[in-house]
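The values are calculated or read from the model by the stated rules, or taken from the named source; none is laboratory data. Being a predicted model, the structure only gives us computed values, none of them experimental. Cβ: placed from backbone, ideal geometry, glycine included. Neighbour counts: every protein chain shown.
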Amino acid sequence: MSLPTVSSKPIKHWIVPFAASLSEPCQHALPRLAADNALPHLRRVLSQLQEVQRIEGDEYALSMPHERVLARAMGWPDSDGLMPWASWWAAQDGLVLEAGKTWGMLSPGHWLMGRDHLTLLDPATLGLSEAESRTVFDAIRPLFEEDGWTLLWGSAQRWYAAHPSLSGLPTASLDRVIGRNPDLWLTDHSEARMVRRLQSEVQMLLYQHPVNDAREAQGLATVNSFWLSGCGAVPHSVTWPQEVILVNDLRAPMLADDMPLWLEAWASVDATVLKDMSDALDAGQAIQLTLCGERHAATFAPVPATGLSARLWQSLKRLTSSGSGSDPVPLLNSL
């Protein structure tokens with residue numbers, strides 16, 4: 001289903017991931033957004049738009065809803081767990097991956113061993129330096145190359161790997177796994193066995209690596225494994241259209257289950273991004289807003305005005321709508 005257009009000009013499309021979650025901390029925090037003075041610009045924007053598309057999913061999907069929305073914007077297939085995000089991230093890191101190979105992204109990280117399960121910590125919170133990352137990368141590379149893999153270093157948090165076994169291999173998004181038990185997100189695909197073996201070998205190799213010894217001495221989390229995601233052939237495009245604006249402010253606090261910070265981030269997005277959207281609507285500009293949760297993504301756009309009376313009605317609605325629109329919490333809960 002294609003989104004409606006109101007003019008021949010590209011329509012600015014704001015995409016907001018992590019707008020809500022089914023997690024217990026988020027469910028306790030969401031009622032705070034029901035207060036009359038909460039998110040006034042979101043209320044006003046939603047009062048002038050209608051839902052034109054909803055991408056359905058569930059909390060057990062390998063890919064996040066916002067990844068599916070962005071994949072569609074770039075003209076990629078949005079098959080669950082099969083979107084070539086490694087190529088996109090490599091472009092952000094200044095790399096051009098070799099076409100004709102299937103690439104994946106390796107995220108070096110810490111798998112925290114609890115009393116009865118593992119938890120994958122957010123790699124961004126490790127504070128891994130470039131020197132540490134390159135040293136660990138060089139240490140594990142022979143394990144992969146022995147099996148015919150090609151490895152490239154992209155950044156402290158992102159390495160890239162190519163191997164024929166990655167073709168058609170579904171993998172869970174890093175955003176899906178952070179803060180959760182990675183064992184639950186390792187697929188039973190036949191080609192995943194090699195990945196699991198390499199994860200075990202990397203864990204053993206890094207157990208007493210000098211980089212980890214030094215980090216432990218400083219009270220820092222070690223690098224003891226990696227997560228593979230974003231596998232696929234290099235796509236025709238690795239940039240999304242200029243009119244697409246990703247608002248990623250809610251990601252870090254949501255993944256950290258830091259709900260006070262998440263509520264602050266929502267207030268900041270409302271006061272800046274959503275205020276700009278509200279001003280654009282007041283100026284008669286066509287816009288789109290997609291709110292993404294843990295399961296679904298909902299896109300909102302103006303109703304096309306096809307006649308003089310419809311245009312006059314929309315103008316009147318813009319002028320008379322106030323910041324005290326309806327409570328957004330039921331909508332956020334539906335995501």
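The set of residues in the stretch 186-225 being touching a Gly at 6+ places or on another chain (Cβ under 9 Å), among the hydroxyl-bearing types (Ser, Thr, Tyr) and surrounded by fewer than 16 Cβ atoms within 10 Å (Cβ to Cβ) consists of 187 alone. In this entry, residue 131 passes the filter for residues that are surrounded by fewer than 20 Cβ atoms within 10 Å (Cβ to Cβ) and outside the structural domain of residue 20 (by TED's automatic domain parsing). The residue of the stretch 88-114 that is farthest from the chain's Cα centre (by Cα), among those that are among the small types (Gly, Ala, Ser) and closer than 11 Å to residue 154 by Cα, is 94. Scanning the stretch 101-121 for residues that are in contact (Cβ under 8 Å) with a residue 24 or more places away in the chain and part of a loop (DSSP other than H, G, I, E, B) yields 101, 110, 117, 121. Within the stretch 190-214, the only residue that satisfies the criterion of being farther than 26 Å from residue 129 by Cβ and in contact (Cβ under 8 Å) with a residue 40 or more places away in the chain is 194. Within the stretch 235-274, if we keep just the residues that are assigned to a helix (DSSP H, G or I) and of a type in the set (Phe, Trp, Tyr), the residue that is nearest to residue 73 (Cα to Cα) turns out to be 266. Across the stretch 100-128, the qualifying residues are those that are under 21 Å from residue 196 (Cα atoms) and of a type in the set (Gly, Ala, Ser), and the one among them that is surrounded by the fewest Cβ atoms within 10 Å (Cβ to Cβ) is 114. Restricting 62, 42, 82 to those that are among the aliphatic types (A, V, I, L, M) and either assigned to a helix (DSSP H, G or I) or at positive phi (or both) reduces the list to 42. Remark: pairs (first residue in the stretch 294-308, polar (S, T, N, Q) and surrounded by 15 or more Cβ atoms within 10 Å (Cβ to Cβ); second residue in a loop (DSSP other than H, G, I, E, B) and at pLDDT below 75; Cβ separation under 7 Å; 6+ apart in sequence or on different chains) = 299/3.
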